[in-house]
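I have placed the structure first, in the form of structure tokens, so that the comments after it can refer back to it.
The values are calculated or read from the model by the stated rules, or taken from the named source; none is laboratory data. As the structure is a prediction and not an experimental result, all values here were calculated from the model. Note that each Cβ is placed from the backbone with ideal geometry, even for glycine, and that neighbours are counted across all protein chains shown.
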Amino acid sequence: MAELRVNGTLHRIDAPGDMPLLWVLRDLLGLIGTKYGCGVAACGACTVLVGGVAVRSCQTPLEAVDGPVTTIEGLGQPGALHILQQEWIAHQVAQCGWCQSGQILQAASLLRQIPRPSDAEIDAAMAGNLCRCGTYPRIRAAIHAAAARLAAEGPAAGNADGGAP
Amino acid sequence: MSIGKPLPHDAAQLSVTGRARYLDDLPCPAGTLHLAFGLSDVAHGRITGMDLAAVRAAPDVVAVLTAADIPGHNDVSPNPLPEPLLAEAEVHFAGQALFLVVARSHMAARRAARLGRVEITPLPAIVTLDQALAAGSHFEGGPIVWQSAPPDFTGLEILEGRIEVGGQEHFYLEGQAALALPDEDGMTVQSSTQHPTEVQHKVADALGWPLARVRVEVGRMGGAFGGKESQANGPAVAAALAAHLTGRPCKIRLDRDDDMRMTGKRHEIRIDYRAGLDASGRIRALDLRHMLRCGWSADLSAPVADRAMLHAANAYDIPALRIESHRLRTNTQSATAFRGFGGPQGMMGIERVLAHVAHRTGREPLALRRAHLLAAGQATHYGQELDEAPLPAILDALEARADYAARRAAIARWNAENPILKRGLAISPVMFGISFTLTHLNQAGALVNVYTDGTVALSHGGTEMGQGLNRKIAQIAATAFGIAPEAVRITPTDTAKVPNTSATAASSGTDLNGAAVAAACARIRARLAAMLAAKWGCAPEEIAFEDGKVRADTHAMPFAAAAKAAWEARISLSATGFHATPGLDWNRKTGRGRPFHYFVCGAAATEVVLDILTGEARVLAAHIVHDAGASLNPALDRGQIEGGYVQGLGWLTCEELVWDAAGQLRTHSPSTYKIPAVSDMPGVLDVALWPGGAGAPAIHRARAVGEPPFMLAISAHLALLDACAACGPHWPDLQAPATPEALLAAVARARGEGDA
């Protein structure tokens, strides 16, 4: 029985230690916002935050999770969206939407490390998150806009620690 | 009025909060079983034995199905030629489904599927185009030939060459998926498909049932791009078959590698050309030979190859054009629909020919292209007279916006001074025909229900795959009733609500379904107007629907009140609508007629830089001017244009499908198959909607937008060719995709070093 803190709530998980975090989240906890894309950590669709850092949940075994998990459902709520989510809507980023939770969480991880990233820094951090609809120019624009607002409004507006104790 | 406004995608809120629900996110009933296919490792062979005892004995396996278990037809083909769901006597490609495992969990099914012992006696496999040509392995019995006039090369300078353009994996982020729910006398199938009606037909056919017993529902898809037009049939039929035989709900979701190994891709094409030039460098005669990799099944190859022929001259006037189209059967995955549906392949041919002519004659490439453009009133090579010819004006706008002449000069100076980094810049136009070339598919239906609180729920025959169709449809319905788009809800596509639909394809989703929805709304409006005209003593035509109200002269009431009053007066608030595109007349046997309702035009200028030591290249800037007509939603249209360009860029630069000599696809995961990433984006991607268009003869004068922008990326390949040509005096003959290897080979050719 593993203990797992997800979006601020502590869960007791009865699953094999080698079960990928992706399926723990989707199949056991019903958090469908995290998506399966490729299963080999090469597309980024399954990205979540562990301890505030982006990881590929499809290749992270349950037993290797060493911090609180934040999924897209925990980043912000309808009515209280994270600044990244707000800017994603303002820039009309999503088309089919499948990769977008991973993109947003990867961006959250980036902004935690580099509050005002350049285009090159965005590219370096986000190049592993594939979008087949080709929304990349808008992803870049939304990240820049969110970074500017976070700098002006303070990190409290966009805390992505996922309820770490 | 909500049409014309840049309203967000209907799922904008859902997508950023993880609440958008796709098929794999739907709650499954207790006891749902999960499926996995056992696949062939052999590209071509005869099945001599199938020992599935170990599969049946594996943990949590409920059933293992083979072709013999299918009560009806073992066929998932979108055309009259059969395409088995499960192989019978022969296998035709590595990755073909042999048997189907039904188990209590997804993992149990996948693990068991590996345990089958299938004996296959290998037969010679046709893996390359050359092997297919040598074996005479054609669909449709041999090449299809169309010509506008017989090319006569007498007295003309001859230019010959070849361009090979690789195929493309769709890489929709949501893989193929289906969930079948048996009921007392029928089956409901949730399918991630662009073509719910075809899934309905194929499920009914496999079960030996009448169509009315099968209902197919489609919610939101995580991308499709043509890859779920015919390719969704197999998974859906598998789920329905297993559900029928076990009596329990059955779900299938293909693993990424299985999806890439099993399902169809864009057609690879080789084009041999022979052009006859007059003294000014104008093409007077052109002979094209199209050779397409169609894979193992006929699938949609005939219409795809037809469209490649229809777009073989793009927007240009070629006085005598002959096209010979070889649809080659190979022992590889099927080639199928993919954004552009053959159009991009056809256009690559003529753009390559013009680039070659410019190189040979030294003429400025854009001026050469302009000199070849069709004018309004002229006929295309298949005989369709153009009602309009906006490209000269679009190119004027693009030249100015991209500062083309000054940048060409700057690049020439740069290339003279820099021996390692070479730059290139090119402009290419797009003229893409809108309509299904199978004329009877150009129809659509809708069902619109108004409720007594003034809200609207509607269903139409189109499917939402990310393109924003449902938002545009909601805008059309909201405009018809003069209400806010938030008051309109689009319910999932459902064959029980709107029957006999066409695939959401050919860029026609909004044109066809939007018009059908508008027709249904008009019927309800007419009933309300008649009721209120009698009450208010005015003519029905005087009644206006706007700003949430119904009004005439000094009378006004909220739309909701009008709806309630209609209900109390026992007037129906529900209507169906139907639309059929007028004026089409196409004969595919002769290759003559009017296959298209109208055309969509645009043009792009792309600048690249190439490192000639490593073959690495980057797109520096792309400028686009595109005609979306009277755009229903400029934000969505711009998104389609940006995304289409990016996807086209992937096709022509970094995406490479590789089969080994035995016919195994070696690129079946994102670890080996590279689609564009954010790091491949140009620093500048400037998109302008062309304001000069009169609009299309379609719903609210908007133009279709899904596919045409894909071909704007041809300018990137031409720019790379331009950069290679800066390395030496010889013809670089750059092939596609322009991977670093292809670019280095082209640089070597430009220098006269051959294929070093």
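Within the group B:Arg407, B:Arg360, B:Arg370, B:Arg401, which residue is charged (D, E, K, R), assigned by the TED database to the domain that holds B:Asp306 and in contact with a His (Cβ under 6 Å, 6 or more places away or on another chain)?
Checking each option against the conditions leaves just B:Arg401.
Yes/no matrix, rows are residues, columns are (1) at pLDDT 95 or above; (2) in the same structural domain as B:Asp396 (by the TED database); (3) buried (at least 24 other Cβ atoms within 10 Å of the Cβ); (4) hydrophobic (A, V, I, L, M, F, W, C):
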{"site": "B:Ala426", "(1), (2), (3), (4)": "yes, yes, yes, yes"}
{"site": "B:Val448", "(1), (2), (3), (4)": "yes, no, yes, yes"}
{"site": "B:Met465", "(1), (2), (3), (4)": "yes, no, yes, yes"}
{"site": "B:Thr479", "(1), (2), (3), (4)": "yes, no, no, no"}
{"site": "B:Val488", "(1), (2), (3), (4)": "yes, no, yes, yes"}
{"site": "B:Pro492", "(1), (2), (3), (4)": "yes, no, no, no"}
Exercise. Among the numbered criteria (1) surrounded by fewer than 24 Cβ atoms within 10 Å (Cβ to Cβ); (2) away from every other protein chain (no Cβ under 14 Å); (3) not aliphatic (A, V, I, L, M), which single criterion is violated by B:Gly219?
Worked result: (2)
Exercise. For A:His91, which of the numbered conditions (1) surrounded by fewer than 24 Cβ atoms within 10 Å (Cβ to Cβ); (2) over 20 Å from B:Glu642 (Cβ atoms); (3) more than 9 Å from chain B (Cβ to nearest Cβ) fails to hold?
Worked result: (2)
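For A:Ala45, indicate whether it is free of Cβ contacts under 8 Å to residues at least 60 places away in the same chain and either farther than 27 Å from B:Arg471 by Cα or among the small types (Gly, Ala, Ser) (or both).
In short, no.
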Seminar exercise, completed: Within the stretch A:34-62, of all residues that are more than 19 Å from B:Leu254 (Cα to Cα) and of a type in the set (S, T, N, Q), the one nearest to the other protein chains (Cβ to nearest Cβ) is A:Thr47
For this session: Please find, within the stretch A:1-22, the residue that is surrounded by the fewest Cβ atoms within 10 Å (Cβ to Cβ) out of those that are free of Cβ contacts under 8 Å to residues at least 12 places away in the same chain and under 21 Å from the mean Cα position of the chain (by Cα).
Result: A:Glu3
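Report yes if B:Arg293 is out of contact with any Gly (no Cβ under 6 Å at 6 or more places or on another chain) and surrounded by 24 or more Cβ atoms within 10 Å (Cβ to Cβ), otherwise no.
Yes: the conditions hold for B:Arg293.
Considering only helices (runs of 4 or more DSSP H) fully contained in the stretch B:196-315, which possess at least 1 residues that are not assigned by the TED database to the domain that holds B:Thr336?
On the way: elements: B:196-207, B:233-246, B:256-262, B:301-310.
Filter on the stretch B:196-315 gives B:196-207, B:233-246, B:256-262.
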For this session: Select, from B:Leu368, B:Leu373, B:Leu441, B:Leu386, the only residue that is closer than 24 Å to B:Gly695 by Cβ, touching a helix residue (DSSP H, G or I) at 6+ places or on another chain (Cβ under 6 Å) and surrounded by fewer than 23 Cβ atoms within 10 Å (Cβ to Cβ).
Result: B:Leu373
Problem set entry | Count - residues of the stretch B:58-99 that are without any contact (Cβ under 8 Å) to a residue 60 or more places away in the chain, hydrophobic (A, V, I, L, M, F, W, C) and either part of a strand (DSSP E or B) or within 22 Å of B:Ile120 (Cα to Cα) (or both) | 8
For this session: State whether the residues of the stretch B:299-312 include one that is at pLDDT 95 or above, buried (at least 21 other Cβ atoms within 10 Å of the Cβ) and more than 19 Å from B:Pro143 (Cβ to Cβ).
Result: no
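Keeping to the stretch A:133-148, report how many residues are within 7 Å of chain B (Cβ to nearest Cβ) and in contact (Cβ under 8 Å) with a residue 40 or more places away in the chain. Lay out the reasoning, then the answer.
Initially, the stretch A:133-148 is screened for residues within 7 Å of chain B (Cβ to nearest Cβ), giving A:133-137, A:139-140.
Remaining after also requiring in contact (Cβ under 8 Å) with a residue 40 or more places away in the chain: A:135, A:139.
Qualifying residue count for the region: 2.
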Exercise. Here are some residues: B:Ala506, B:Ala518. Which one is farther than 27 Å from B:Tyr22 by Cα and either over 34 Å from the mean Cα position of the chain (by Cα) or touching a residue at least 60 places away in the same chain (Cβ under 8 Å) (or both)?
Worked result: B:Ala518
